Amino acid sequence: MKKMTSAEVRQAFLDYFEEMHHKRVPSSSLVPGNDPTLLFTNAGMNQFKDVFLGLDKRPYSRATTAQKCMRVSGKHNDLENVGPSPRHHTFFEMLGNFSFGDYFKRDAIRFAYDLMTKVYEIPVQRLGFTVYESDEEAYSIWTEDIGVDPRRVARLGPKTNFWQMAETGPCGPTSEIHWDLRPEEGIDAIIPALQAESDRFLELWNLVFMQFNRLQPDPDHTGQWDEPLPAPGVDTGLGLERVVSVLQDKQANYETDLFMPIIRRVQELTGQTDAVRDANIVPYRVIADHMRAATFLISDGVRPGATGRDYVCRMVIRRAVRFGTKLGFEEPFLADVADAVIDTMAVAYPELLDKREAIRRTITNEEIRFRRAMDRALDELYGMIDELRATREPSGEL
Ligand code: GLY
C-alpha cells in the first residue's frame, strides 16, 4: 500500500478522476443552498441534486469533488458515536465522482477498483464488496469483468445497499467497498461477515447507482414512491478520514495526520503525557471533532445561536467546552485548537486562513458566554443547596 499524507490522498483522488475526464468542482458550502430537506450538506451529491433530477444542466457530465459534510441530525446522524467510536465524526470530508447521464455501473466500478488497487495500491486480498440483493449487473461486473473472487462479494438488502440523500429525493441501489481488518479469519467468512455488518469490515466507499427520485418517505422500502430519474447516473462517496486511516495503518481515524495535529495542540495546552492523553482519549477526540465542525461552520457563515444550524454551531462549541472541563480546562482554550484545525486543513481549504480571526473570535465569545452561563447555573444550584440545608433538620442529609 502507498504511504500517503491525507493531502496526497485527497489530491490523488481528484487527479485520478480528472485524468478520467471529470470536471474538478470545488466543495460546496456546509449550508445547502435552497434545500429545505437538509440542515447541512451531508454528501457530495447534494450540490448536484437538481442535476440528477434533470432540473439543472451543467457544462459537464462528469464531476469530482472533495466535499465538506456534516452529519448531526436527520437521516444521517453520527453525533452520539463521536468520541467513543474511532471512526465517527460530525464534520468529515467525502471524496466523490459523479456521472450525470454519462457512465453507469460498469465504469463506476472499474474506476473505483483501479483507484483503490492501482493508485492507492490497496491489495484486493484486503477488500470485501457488497451489491444490492437484486443487482445482478453489479454482481457480474465485480465477479466477471473485474474478476474479483465471488467469495468476496456479498449481496445485501436495502438497509445497507440502497442510498437516499434524505427521506425524499434522488436515490438508488449501491455497491460498497470495505476494508478487511481481520483477513486471518479467512475468505469463506467474508460474505457472512459483510451480511452481519461485522466489525471485521470497515466501509470505505459507497457507489450509488442513482436511478430514482423518491417522492414520498418510504421507510419500508416498497419502492412505490420511486419515480425513474430522467437519466440514471452515478454518485459515489469515499470517506477521506477512513481511507487515510487505512493507508496510514492506524486503528482510529483520530490517529491520522488529519486529527493528530489538533489532538497534539490540545495536549500541549493540558500538558498531559501521551499515556494520560490516551487514558482520556474520548474528550480529546470530541474536542478535535467539534472544533473541526465549528471552524468549518463559522467559515461557511454559520454563527452560534438558538435555532437550526446556528444551534448546531452553538452545541458543538459548548460540548467541546464541557469535554474540556474533563481535561481540566477552566479558561477559554478553544480558539487555539481552532488554529490547529486551520493550519491542518488550509492546504485544501485556503479560505480558512482569511477567516482565522473571525473564527477565533466567534468561538471564544461563545465559550465565554457558556462559561458564564455554567457559573451562573452553578451559583444558583449552590444557593438552592444552602437554602435546603438551612430549612432541614440538623440531622437531615441531602
Ligand atoms: N452519496 C453517497 C454516500 O454518501 O455514501
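Between Leu38, Leu79, Leu378, the Gaussian network model of the chain with springs among Cα atoms under 10 angstrom shows the greatest mean-square fluctuation at Leu378. When the alpha carbon coordinates of segment 174-245 are projected onto the principal axes, the ranges are 44, 26, 18 Å, largest first. Between Val119 and Glu167, the FRET efficiency estimated from the beta carbon spacing at R0 = 41 angstrom works out to 0.70. In a DSSP loop and with at most 12 other Cβ atoms within 10 Å, the GluC sites (Glu not before Pro) in segment 263-360 are Glu330. Close amide H contacts of Thr256 (hydrogens built in the peptide plane, cut-off under 5 Å, sequence separation of 5 or more or a different chain): none are found.
Magnitude of the charge dipole for the chain, about its Cα centre and with charges confined to Cβ atoms of Lys, Arg (+1) and Asp, Glu (-1), is about 760 debye. Given +1 at the Cβ of Lys and Arg, -1 at the Cβ of Asp and Glu and no other charges, the dipole of segment 148-257 around its Cα centre is 200 debye to the nearest 20. Put a plus charge on the Cβ of each Lys and Arg, a minus charge on the Cβ of each Asp and Glu, and nothing anywhere else: the dipole of segment 192-322 about its Cα centre is then about 780 debye.
The 3J(HN,Hα) values that the Karplus relation (6.51, -1.76, 1.60; θ = phi - 60°) gives for segment 366-375 are, in residue order, 5, 4, 5, 4, 5, 4, 4, 4, 5, 4 Hz. Gly and Pro appear as x. Working from Cα pairs under 8 Å separated by at least six residues, relative contact order for the chain is 16 percent.
Each DSSP beta bridge with both residues in the chain is either parallel or antiparallel, and the antiparallel ones are about 85%.
Across segment 223-311, Cα pairs under 8 Å and at least six residues apart give a relative contact order of 14 percent.
For segment 161-247, applying the loop criterion from DSSP together with a ceiling of 16 other beta carbons within 10 Å to the GluC sites (Glu not before Pro) yields Glu167, Glu197.
Springs join every pair of Cα atoms under 10 Å in this Gaussian network model of the chain, and among Ala138, Ala293, Ala346 the largest mean-square fluctuation is at Ala346.
Pairs of lysines in the chain whose Cα atoms sit within less than 15 Å of one another amount to 7, provided the residues are eight or more positions apart or on different chains. Taking amide H atoms as placed 1.01 Å from N in the peptide plane, the amide H of Phe162 lies under 5 Å from those of Thr174, each 5 or more residues away in sequence or on another chain.
Among rounded, prolate and oblate, which fits segment 183-332 when a ≥ b ≥ c are the square roots of the eigenvalues of its C-alpha gyration tensor, a/c under 1.5 means rounded, and a/b larger than b/c means prolate? The shape class here is oblate. Are there trypsin sites (Lys or Arg not before Pro) in segment 304-398 that DSSP marks as loop and that have at most 11 other Cβ atoms within 10 Å, and which are they? Passing sites in segment 304-398 are Arg392. Taking the fewest neighbouring Cβ atoms within 10 Å as the starting point, the ordered list for Ile141, Ile146 is Ile146, Ile141. Among Gln267, Gln211, Gln224, determine the one that fluctuates most according to a GNM of the chain built with springs between C-alpha atoms less than 10 Å apart. Judging by the Gaussian network model, the answer is Gln224. For Ala154, the amide hydrogen comes within under 5 Å of the amide hydrogens of Phe129, Thr130, Val131, counting only partners 5 or more places away or on other chains and with H modelled in the peptide plane. Find the percent of Cα-Cα distances in the chain that exceed 28 Å, and round it to a whole number. Result: 51 percent of Cα pairs exceed 28 Å.
Only the coordinates and a few stated rules stand behind these numbers; no lab work does. A quick note: this is a predicted structure, and the numbers were derived from the prediction, not measured. Neighbour counts are summed over all protein chains in view; Cβ atoms, including those assigned to glycine, are modelled from backbone coordinates with ideal geometry.
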